[in-house]
Amino acid sequence: MTTRRAFIRSFARISLAALTCGAFASVAPVAAAEGYPDRPVTIVVPFPPAGPPDLLARAIGKHLSKVWGQPVLVENKPGANGVVATQFVANADADGYTILVGSVATHAMNRALRPDLPFDTLTAFEPVTQLGFTPMLITAHPDTGIKTIAQLVEKAKAEPESITYASVGQGSAAHLAAELFQSAAGIKLVHVPYDGIAQASLDLISGQVNLGFSNVVNMLPYVKDGKSNALAVTGTERSAVLADLPTLAEAYPGINVRLWWGIFTPAGTPTYVIDKISAEINVALKDKALIDKWAESATTIVGSTPAEFKALVNADADKWGKVIKDANIVAE
């Protein structure tokens, strides 16, 4: 009898200990989440100041700093089409204190363009939330007489490899968008890569090159001044700033080229930290003033869950990987 009572008491103690451990285990992530962040957070931007990724980072950083009561710093690390910054964050501690503004170029395109990367963009990072996206704009110099996509395709088929187009470099988003379009339309254009948007735009509006694949904001003033003909936007929906301009998908269903930006953390970052960052950024992205301001630049502000953003990154990695392979494109 004594042995039986001792067994019951021992079993009770073990059960109580197990229940207590389980309770602490369930509370621990909540307590940790409430404690994050307890020191400054750095948002790393792979591009120079004043561009869309930088401005978005500073907008959400200001919001996060206010609600978290901790400094949120923005650090620009441009170089190698985003590789400098992505490698820096990939090697950072996976604790949520160093996060990255990534893009379709850094995470979907570079993966196929640069097989020598010391990390895999799909496994070295945890997607947190999408920030926004913008389509590209296809324009033509007025001297070409091209005013529509149909006219462009007709002329390109009648005179193969007679039409030049500018991009901001071999393997750039503009270059890949043009390759996707050529494949869909069955035409061949001549690629003229530039080192930056300034010289590419200057040569486009002066007629040194016939076409341009660029962001909407950069070319909009020239379109309004009649120095460049707008042919189409590359998204699936028309842009509010060029409401009468068709999308490329209207002529070639399935084509959808969006330049997107989003937040990433190093792989292994705790789920509760990712969820907290994502939830708070999504609050900031619902601000109407922010949405309206970016709409003027043909940029759609949009938040997402980590799972939704991960699906987008994976889908674009597959899509652009195929374009790069089929066109045999290598980074400079």
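The values are calculated or read from the model by the stated rules, or taken from the named source; none is laboratory data. This is a predicted model, so every value here is computed, not measured. Here the Cβ is made from the backbone with ideal geometry for all residues, glycine too, and neighbour counts use every protein chain on show.
Does ALA156 meet the test of being over 30 Å from the mean Cα position of the chain (by Cα) and touching a residue at least 24 places away in the same chain (Cβ under 8 Å)? Judged against the criteria, ALA156 is a match. For segment 84-107, the tally of residues that are among the hydroxyl-bearing types (Ser, Thr, Tyr) and under 23 Å from ARG39 (Cα atoms) stands at 3.
If you go through segment 219-236 one residue at a time, how many are free of Cβ contacts under 8 Å to residues at least 40 places away in the same chain and closer than 15 Å to MET136 by Cα? Before you say what the answer is, go through the steps one by one.
Looking only at segment 219-236, we keep the residues that are free of Cβ contacts under 8 Å to residues at least 40 places away in the same chain, and these are 221, 224-225, 236.
Narrowing the set further to residues that are closer than 15 Å to MET136 by Cα leaves 221, 236.
Matching residues across segment 219-236 total 2.
Can THR305 be described as surrounded by 15 or more Cβ atoms within 10 Å (Cβ to Cβ) and in contact with a Gly (Cβ under 7 Å, 6 or more places away or on another chain)?
Working: surrounded by 15 or more Cβ atoms within 10 Å (Cβ to Cβ): yes; in contact with a Gly (Cβ under 7 Å, 6 or more places away or on another chain): no.
Considered against the rule, which asks whether it is surrounded by 15 or more Cβ atoms within 10 Å (Cβ to Cβ) and in contact with a Gly (Cβ under 7 Å, 6 or more places away or on another chain), THR305 comes out as no.
Considering segment 280-290, the residues that are of a type outside the set (D, E, K, R) and more than 17 Å from the chain's Cα centre (by Cα) include one that is surrounded by the fewest Cβ atoms within 10 Å (Cβ to Cβ), namely ALA289.
Please note which helices (runs of 4 or more DSSP H) are completely contained in segment 1-96 and include at least 2 residues that are modelled with pLDDT under 90, more than 20 Å from THR271 (Cα to Cα) and of a type in the set (Val, Ile, Thr).
On the way: elements: 2-35, 52-68, 83-90.
In segment 1-96, 2-35 are the helices (runs of 4 or more DSSP H) which contain 2 or more residues that are modelled with pLDDT under 90, more than 20 Å from THR271 (Cα to Cα) and of a type in the set (Val, Ile, Thr).
Only one residue in LEU131, LEU113, LEU73 is among the aliphatic types (A, V, I, L, M) and surrounded by fewer than 17 Cβ atoms within 10 Å (Cβ to Cβ). Which one? Break it down into steps so the answer makes sense when it comes.
Values: LEU131 fails: surrounded by fewer than 17 Cβ atoms within 10 Å (Cβ to Cβ); LEU113 fails: surrounded by fewer than 17 Cβ atoms within 10 Å (Cβ to Cβ).
Within the list LEU131, LEU113, LEU73, the selection yields LEU73.
Per-residue answers, yes or no, for (1) among the hydrophobic types (A, V, I, L, M, F, W, C); (2) in a helix (DSSP H, G or I); (3) outside the structural domain of THR86 (by TED's automatic domain parsing):
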{"site": "LEU220", "(1), (2), (3)": "yes, yes, yes"}
{"site": "THR269", "(1), (2), (3)": "no, no, no"}
{"site": "TYR272", "(1), (2), (3)": "no, yes, no"}
{"site": "SER278", "(1), (2), (3)": "no, yes, no"}
{"site": "VAL283", "(1), (2), (3)": "yes, yes, no"}
{"site": "GLY303", "(1), (2), (3)": "no, no, no"}
{"site": "ASP316", "(1), (2), (3)": "no, yes, no"}
{"site": "GLY321", "(1), (2), (3)": "no, yes, no"}
{"site": "GLU332", "(1), (2), (3)": "no, no, yes"}
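Within segment 246-265, take every residue that is aliphatic (A, V, I, L, M) and farther than 19 Å from TRP320 by Cα and give me the one that is surrounded by the fewest Cβ atoms within 10 Å (Cβ to Cβ). Selected residue: ALA251. Among the candidates ALA178, ALA200, ALA230, the residue that is surrounded by 20 or more Cβ atoms within 10 Å (Cβ to Cβ), under 23 Å from ASP316 (Cα atoms) and over 18 Å from the mean Cα position of the chain (by Cα) is uniquely ALA178.
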